[in-house]
Amino acid sequence: MLISPYYDRQAIEAKVMAGKHRAVVGGDWEELGQFQVDFLVAQGLKQHHTLLDIGCGSLRGGVKLIKYLDAENYFGTDLNGSLLSVGYDIELAKAGLTAKLPRSHLIVDGDFDYTWCARPFDFVLAQSVFTHLPLGFVRICLERLCGVVKPDGRLFMTIHEIPADHPADRSYRQPGGIVSYGGKNPYHHRYSDIALCAQNLPWAAKYIGAWNHPHGQKIVQFTRSR
């Protein structure tokens with residue numbers, strides 16, 4: 001069984017070819033795209049900051065973030081190259097923003113491999129990434145991000161949260177109506193387990209929780225220590 005449907009690259013590419021790239025990343029294109037920008041700006045994102053958008057897909061949030069940030073300050077990664085291509089060639093082109101972003105700033109990556117990174121980031125966003133991955137991937141991501149985030153830089157990560165006393169192996173109906181699971185997609189996590197992934201790493205976890213996400217996802221902040 002695949003970890004999540006996003007690992008079926010052929011199926012994703014077929015949907016992209018059928019013009020369904022917006023639906024593949026969950027729909028709510030305009031609402032969730034603007035939602036991400038508004039949240040990050042409220043958290044202190046300025047135009048001169050550098051941002052890494054993990055799991056950026058076909059640039060639902062990326063188009064608006066690229067518009068807001070200074071030229072070349074946005075970087076996006078995704079497991080599926082077909083989503084990155086359609087995001088750049090169709091969505092970013094439609095918005096007239098390709099001149100602000102080299103195509104090389106969109107990187108195919110399913111391993112949290114940041115060896116390509118030439119400069120550190122001020123902000124990192126992982127929106128609807130760990131809702132589709134088991135807990136161990138959180139630790140891998142935090143370990144590999146250490147060297148590419150500035151001191152005091154922040155990572156914002158969304159999760160499907162379960163209460164501390166809810167058995168992880170039992171399904172859970174999220175506030176937005178999605179049913180999550182401990183062992184299959186979509187995945188849920190306890191905040192305490194997410195925070196534990198930062199143990200012995202230069203990250204400080206902080207629970208933000210509800211942030212009016214339309215699907216009920218909660219958000220966690222990790223700050224890179226000096």
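Derivation of every value follows stated rules applied to the coordinates shown; laboratory data play no part. Fair warning: this is a prediction, and the values are worked out from it, not measured in the lab. Glycine gets a Cβ as well: all are built from the backbone with ideal geometry, and neighbour counts include every protein chain shown.
The number of residues in the range 118-127 that are touching a residue at least 40 places away in the same chain (Cβ under 8 Å) and over 14 Å from the mean Cα position of the chain (by Cα) comes to 4. Entry remark, the range 69-91: residues being under 20 Å from residue 32 (Cα atoms) and out of contact with any strand residue (DSSP E or B) (no Cβ under 9 Å at 6 or more places or on another chain) number 4 in total. Considering 150, 100, the condition of being crowded, with 16+ Cβ neighbours inside 10 Å, on the phi < 0 side of the Ramachandran plot and basic (Lys, Arg) is satisfied by 100 alone. Listed by position, the strands (runs of 3 or more DSSP E) inside the range 1-115 whose residues that are without any contact (Cβ under 8 Å) to a residue 60 or more places away in the chain number at least 2 are 74-78, 106-108.
Note on the range 126-140: among residues that are of a type in the set (A, V, I, L, M) and part of a helix (DSSP H, G or I), the one that is nearest to residue 113 (Cα to Cα) is 140.
Filtering the range 196-219 to residues that are within 17 Å of the chain's Cα centre (by Cα), of a type in the set (Gly, Ala, Ser) and surrounded by fewer than 18 Cβ atoms within 10 Å (Cβ to Cβ) leaves 209, 210, 216.
For the range 153-189, filtered to residues that are more than 22 Å from residue 41 (Cβ to Cβ) and among the polar types (S, T, N, Q), the residue that is surrounded by the fewest Cβ atoms within 10 Å (Cβ to Cβ) is 171.
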